[in-house]
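One structure below.
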Amino acid sequence: MLGIEFGQIKVIAAKEFWDRIRNRWVLAVALVFTLFALSIAYFGAAQQGTVGFRGIEVTIASLVSLVIYLIPLIALILGYDAIVGERERGSLDLLLSMPITRLELLLGKFFGLSAALGFSTLIGFGSVGLLLAYKLNAVSLLHYGRFMLSAILMGMAFLSLAVMVSVIATERIRASGIAISLWFFFVLIFDLLLLAVLVTGGGKIGTDVMPFLLFLNPADIFRILNIFNSEDVRAFYGLATIMPNMLTNAGLLSAAMLFWIVAPLGIALWRFK
Amino acid sequence: MTKHVIEINDVTKYFGEIHAVDGVNLTFEKGELFGLIGHNGAGKSTLFKMMLGLLPVTSGQICIYGQPIHGETFRQARRRIGYLPENVVFYDNLTGLETLYFFADLKGADKRTCAAILETVGLAHAANRRVRGYSKGMRQRLGFAQALLGKPDILFLDEPTNGLDPEAIREFYQVLRGLQDQGVTMILTSHILAEIQERVDRLAIMKSGKIQALGTLQGLREEIDLPLHFQVGMQHGAETALREKLGSMEQLEIRTEGLEASITCARDKKMAVLNALSSLEGAVCDIIISEPSLEDVFLGYGAKK
């Protein structure tokens with residue numbers, strides 16, 4: 001195992017990040033986030049016949065439902081060609097001929113893209129948080145901050161998956177196909193499958209196994225972190241009594257999310273070598 | 001034991017059934033300009049990639065300054081090597097100068113030298129233009145500039161003059177001569193044999209992953225023993241005298257067209273033919289002797305089993 005030079009990771013990460021600042025990717029994504037957050041905060045209750053801010057917990061709950069679709073998609077699109085794109089363009093050979101290891105290149109790409117996605121998330125949702133700040137108390141602000149942080153972590157988990165795809169896929173077009181399939185699987189199909197398992201299990205699969213199954217999906221971890229973890233929201237959803245303790249343990253949930261960030265990167269590195 | 005700059009010992013590289021590089025032994029000396037020639041797929045680029053440590057060898061060993069390129073020393077070695085890959089590709093969104101800054105950072109080279117390097121390769125005027133708008137030749141120059149970052153003492157140049165016009169090719173070799181004076185060891189490949197034949201110190205011909213011939217151009221000419229060509233300008237009516245004088249020589253062929261005679265003979269007949277021609281004073285007004293070109297040598301080796 002060769003030693004890691006953090007300077008090399010920084011050089012690659014800085015290039016990835018500034019590329020996305022320069023081509024206005026960060027700005028565009030931040031704007032999308034801002035617009036959605038504003039709309040949800042003010043018009044989220046329009047269906048119930050009211051317009052206006054109804055409180056941060058409900059806003060977060062609505063934002064979570066939106067972000068759970070949006071961020072995985074953006075992260076997968078952002079990262080799927082990180083390596084395969086360089087390979088297909090023909091620039092990978094030159095890059096690898098530099099005094100850099102494959103691990104450093106991979107981490108540089110991952111952290112640079114994470115920074116771009118994280119920065120867009122912070123700017124996009126943070127600006128709305130600032131607008132609402134005068135209506136919020138410290139606890140609500142904390143919840144909103146936690147929402148943003150967990151959104152960034154979920155983004156990183158899906159970026160990690162995307163980088164893994166970009167290493168494994170032999171062509172860019174194939175990588176994009178795999179990335180979209182992953183999005184469908186984790187965001188649309190997984191919960192349905194889980195439901196099907198529960199129903200066919202006829203109640204045999206109980207609260208002891210269920211939490212572990214939810215840990216198999218970073219999007220679900222994000223949802224639990226934000227919805228079930230907040231007492232107000234749990235009450236709002238009528239979930240106060242049925243939640244297993246395991247799912248209210250933020251430390252455990254965060255550890256599971258970190259696993260989803262590290263594991264695909266690990267596989268990517270193994271395959272890249 | 002002499003310490004060679006690069007030492008390749010019995011190196012092979014197999015891709016499944018394909019023997020891309022097959023039992024290659026080569027050494028390169030300090031300040032040498034070395035040409036590696038061969039057909040497409042002969043194994044040149046694979047050899048380059050193995051020398052850089054981009055591809056692991058199947059068997060054998062490659063040492064740079066006595067150290068294997070793999071392991072902890074790879075970084076140190078890479079900082080001393082400049083590499084221009086075949087068909088170099090850059091990031092279209094960066095300018096020429098930004099491209100060099102990025103690679104300088106990776107290589108640990110002084111960024112303040114970037115502008116001067118662009119000047120050296122004749123790209124100073126386009127330093128702040130995006131690579132997207134660069135022509136093929138300009139991209140190639142930028143590739144060369146990138147290879148020069150960090151004052152490398154070894155240069156691997158894979159088809160470096162691809163896309164360059166004749167003037168740029170001349171300038172390119174002038175820069176190489178300057179680097180050679182500073183003791184830089186350079187190994188280059190080219191498909192344009194006429195371009196490198198008078199410029200490299202030594203060369204190797206690769207065929208199907210093997211080194212088929214190795215030496216100076218003159219050494220290879222002698223080894224493969226290709227015939228010499230004489231171009232002789234004659235006075236009116238001198239043809240008969242010429243044929244009389246040379247006709248009796250073995251391994252010699254004379255063709256005439258108007259006042260020009262073309263004589264082909266074995267290498268060891270050179271002096272005999274010259275003596276015979278000079279004795280025809282008055283009948284012969286001009287003599288040009290042409291050695292086989294590198295292309296002739298290359299094709300000559302190619303025809304050999």
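The values are calculated or read from the model by the stated rules, or taken from the named source; none is laboratory data. Since we're looking at a predicted model, the values are computed, not measured. Note: ideal-geometry Cβ built from the backbone for every residue, glycine included; neighbour counts use all protein chains shown. Side chains are part of the model used for accessible areas, which takes the heavy atoms of the whole protein and leaves out ligands, DNA and RNA. Shrake-Rupley method; radii C 1.70, N 1.55, O 1.52, S 1.80 Å.
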Handout entry: A:F53, sole failed condition from (1) in contact (Cβ under 8 Å) with a residue 40 or more places away in the chain; (2) away from chain B (no Cβ under 11 Å); (3) part of a helix (DSSP H, G or I); (4) surrounded by fewer than 21 Cβ atoms within 10 Å (Cβ to Cβ)
Key = (3)
Practice task
Might you check whether a residue that is under 19 Å from the mean Cα position of the chain (by Cα), closer than 27 Å to B:H191 by Cα and either outside any loop (DSSP other than H, G, I, E, B) or hydroxyl-bearing (S, T, Y) (or both) occurs anywhere in the stretch B:84-106?
Solution key: yes
Practice task
Considering every residue within the stretch A:79-95, establish whether at least one is within 19 Å of the chain's Cα centre (by Cα), more than 14 Å from chain B (Cβ to nearest Cβ) and open to solvent by less than 50 Å² (accessible area, probe 1.4 Å).
Solution key: yes
Exercise for the section: Determine whether the stretch B:243-255 contains at least one residue that is touching a Pro at 6+ places or on another chain (Cβ under 6 Å) and in a strand (DSSP E or B). Expected result: no
Practice task
State which residue is nearest to B:G143 (Cα to Cα) when the search covers only the stretch A:96-107 and only residues that are within 7 Å of another protein chain (Cβ to nearest Cβ) and not hydrophobic (A, V, I, L, M, F, W, C).
Solution key: A:S97
Problem - Restricting the stretch B:88-110 to residues that are surrounded by fewer than 16 Cβ atoms within 10 Å (Cβ to Cβ) and within 11 Å of chain A (Cβ to nearest Cβ), the residue that is nearest to B:T161 (Cα to Cα) - result: B:D92
Problem - A:F17 vs. criteria of a type in the set (A, V, I, L, M, F, W, C), part of a helix (DSSP H, G or I), within 14 Å of chain B (Cβ to nearest Cβ) and within 18 Å of the chain's Cα centre (by Cα) - result: yes
Handout entry: Every pair of residues 6+ apart whose Cβ atoms lie under 8 Å, when the first sits in the stretch B:231-257 and is at pLDDT 85 or above while the second is of a type in the set (D, E) and not in a loop (DSSP other than H, G, I, E, B)
Key = B:Q231/B:E260; B:Q231/B:D286; B:V232/B:E260; B:V232/B:D286; B:G233/B:E260; B:G233/B:D286; B:M234/B:E260; B:T256/B:E239
Practice task
Go through the residues of the stretch B:197-219 one by one and say whether even a single one is of a type in the set (K, R) and under 14 Å from the mean Cα position of the chain (by Cα).
Solution key: yes
Handout entry: Tabulated pairs, the stretch B:54-66, first part of a loop (DSSP other than H, G, I, E, B), second loosely packed, with under 15 Cβ neighbours inside 10 Å and of a type in the set (D, E, K, R), C-beta under 8 angstrom, 6+ apart or interchain
Key = B:Y65/B:K3; B:G66/B:K3
Handout entry: Residue match in the stretch B:69-85 (condition: in contact (Cβ under 8 Å) with a residue 24 or more places away in the chain, at the interface with chain A (Cβ under 7 Å from one of its Cβ atoms), over 15 Å from B:V5 (Cα atoms) and crowded, with 24+ Cβ neighbours inside 10 Å)
Key = yes
